[in-house]
Amino acid sequence: MTRGENMHIFDKRRRDDESYQTFCDEMIEKLKKFARDDENVLALYLVGSRAGNKETDKYSDFDVVFVVKNIKKVIKDKSWIETFGKVMIMQEPDNVKIFGGEDNSSNQYHFLVQYKEGHRIDFNFVTISHLEDGDMKEEPFIVLLDKNGLLKKLKAKDFWKSKKPTKKDYLACCNEFWWVSLYVLKGYFRKQELYCLEHIDNVLRKELMKMVDYYVTLSTQDKPSTGKNHKFLKKYLSETQYSLILKTYNAGNLRGIYKSYLALCKAFVYFSEQVALLLGIDTYPVPSFD
């Protein structure tokens, strides 16, 4: 298989609706059987888009949480992974030998697996103590198996739902955006492209999307969920509003960086003015060198 053919793995998900639904049902049954047959597994539940999102499609992954007695067991012998298909590529984000960080593998461990058959499964193994400490209670879930009633007290709320901002939230967001905007200008005049892009991508864009979330929350009657990485944001905005955001991604050289910077500022001014209006407060003043 060539590199190009390898990256067309998603083509295998393009089945007709009926056959794909059959595939999904069979995969869920495989997961449940694995949980039933393994004495180490106490419970299994489904999270992510398949658990609480009506817009699930053929590209949606399977996100599953196994409550187990001993996590070390599933880490030591990984042969179980092939139960669900042939592995194309896998990641273990909790493996401190590769990714560093704090070792909490005795309480939680992830296996993120892309299979050659086209499907991806994100396995999350947790202990009872980890389940009870509250970390797993922030997103929708569907119980697939519960041998001892461990999940009866588990409560869910939409992890990605926007929260109504306060005046303090609004001011902090504006202040951070405009303060760091000066770093971008400094980098631009010094011709330091990467310096500019780091501040644009890691701060300005983050604060802009936070302000957009504030706007969506305040301007809709329901409790909106813009989704992970704002994948559902488009349905809450007009075409003009959405285009303001898309125009901020024009970067690749100094000229593109500057255009992106100006677009970010324009979008932030627009949405921050709308949020201030909806909150009934004064608009944050845009800094200038008058």
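In segment 208-233, of all residues being within 26 Å of Lys259 (Cβ to Cβ), within 16 Å of the chain's Cα centre (by Cα) and not acidic (Asp, Glu), the one that is modelled with the lowest pLDDT corresponds to Asn229.
Per-residue answers, yes or no, for (1) in contact with a helix residue (DSSP H, G or I) (Cβ under 9 Å, 6 or more places away or on another chain); (2) modelled with pLDDT under 90; (3) of a type in the set (A, V, I, L, M):
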{"position": "Ala156", "(1), (2), (3)": "yes, yes, yes"}
{"position": "Phe159", "(1), (2), (3)": "yes, yes, no"}
{"position": "Leu185", "(1), (2), (3)": "yes, no, yes"}
{"position": "Cys196", "(1), (2), (3)": "yes, no, no"}
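Taking residues in segment 256-268 that are among the basic types (Lys, Arg), and partners anywhere that are outside any helix (DSSP H, G or I), the pairs with Cβ atoms closer than 7 Å and at least 6 places apart or on different chains are Lys259/Asn250.
Considering only residues in segment 255-268 that are open to solvent by less than 40 Å² (accessible area, probe 1.4 Å) and among the aliphatic types (A, V, I, L, M), the one that is nearest to Tyr215 (Cα to Cα) turns out to be Ala267.
Which of the residues spanning segment 121-149 are open to solvent by less than 50 Å² (accessible area, probe 1.4 Å) and either assigned to a loop (DSSP other than H, G, I, E, B) or at pLDDT below 80 (or both)? Within segment 121-149, Thr127, Leu131, Gly134, Met136, Pro140, Phe141, Gly149 qualify.
Filter segment 190-205 down to the residues that are without any contact (Cβ under 8 Å) to a residue 40 or more places away in the chain, among the aliphatic types (A, V, I, L, M) and under 22 Å from Leu246 (Cβ atoms) and list them by number. Correct list: Val203 only. Residues in segment 178-189 that are touching a residue at least 60 places away in the same chain (Cβ under 8 Å), under 11 Å from Ile257 (Cβ atoms) and surrounded by 14 or more Cβ atoms within 10 Å (Cβ to Cβ): Val184, Tyr188.
Considering only segment 190-207, I want to know if a residue exists there that is surrounded by fewer than 20 Cβ atoms within 10 Å (Cβ to Cβ), of a type in the set (Ser, Thr, Tyr) and within 19 Å of the chain's Cα centre (by Cα). Scanning segment 190-207, I find no residue that is surrounded by fewer than 20 Cβ atoms within 10 Å (Cβ to Cβ), of a type in the set (Ser, Thr, Tyr) and within 19 Å of the chain's Cα centre (by Cα), so the answer is no.
Would you confirm whether or not segment 61-81 contains a residue that is at pLDDT below 90 and under 20 Å from the mean Cα position of the chain (by Cα)? Taking every residue of segment 61-81 in turn, at least one turns out to be at pLDDT below 90 and under 20 Å from the mean Cα position of the chain (by Cα). Considering only residues that are in a helix (DSSP H, G or I) and without any contact (Cβ under 8 Å) to a residue 40 or more places away in the chain, look in segment 208-222 and name the one that is least open to solvent (accessible area, probe 1.4 Å). Among residues in segment 208-222 that are in a helix (DSSP H, G or I) and without any contact (Cβ under 8 Å) to a residue 40 or more places away in the chain, the one least open to solvent (accessible area, probe 1.4 Å) is Met209. Answer yes or no: is there a residue in segment 223-244 that is without any contact (Cβ under 8 Å) to a residue 40 or more places away in the chain, among the β-branched types (Val, Ile, Thr) and crowded, with 17+ Cβ neighbours inside 10 Å. For segment 223-244, residues without any contact (Cβ under 8 Å) to a residue 40 or more places away in the chain, among the β-branched types (Val, Ile, Thr) and crowded, with 17+ Cβ neighbours inside 10 Å: absent.
Within segment 40-49, one or more residues are over 25 Å from the mean Cα position of the chain (by Cα) and of a type in the set (A, V, I, L, M, F, W, C).
The values are calculated or read from the model by the stated rules, or taken from the named source; none is laboratory data. Here the structure is a predicted model, which is why all the values come from computation and not from measurement. Please note: Cβ atoms are built from the backbone with ideal geometry, for glycine as well, and neighbour counts cover all protein chains shown. In case anyone asks, the SASA skips ligands and DNA or RNA and just uses the protein heavy atoms, side chains included. Shrake-Rupley method; radii C 1.70, N 1.55, O 1.52, S 1.80 Å.
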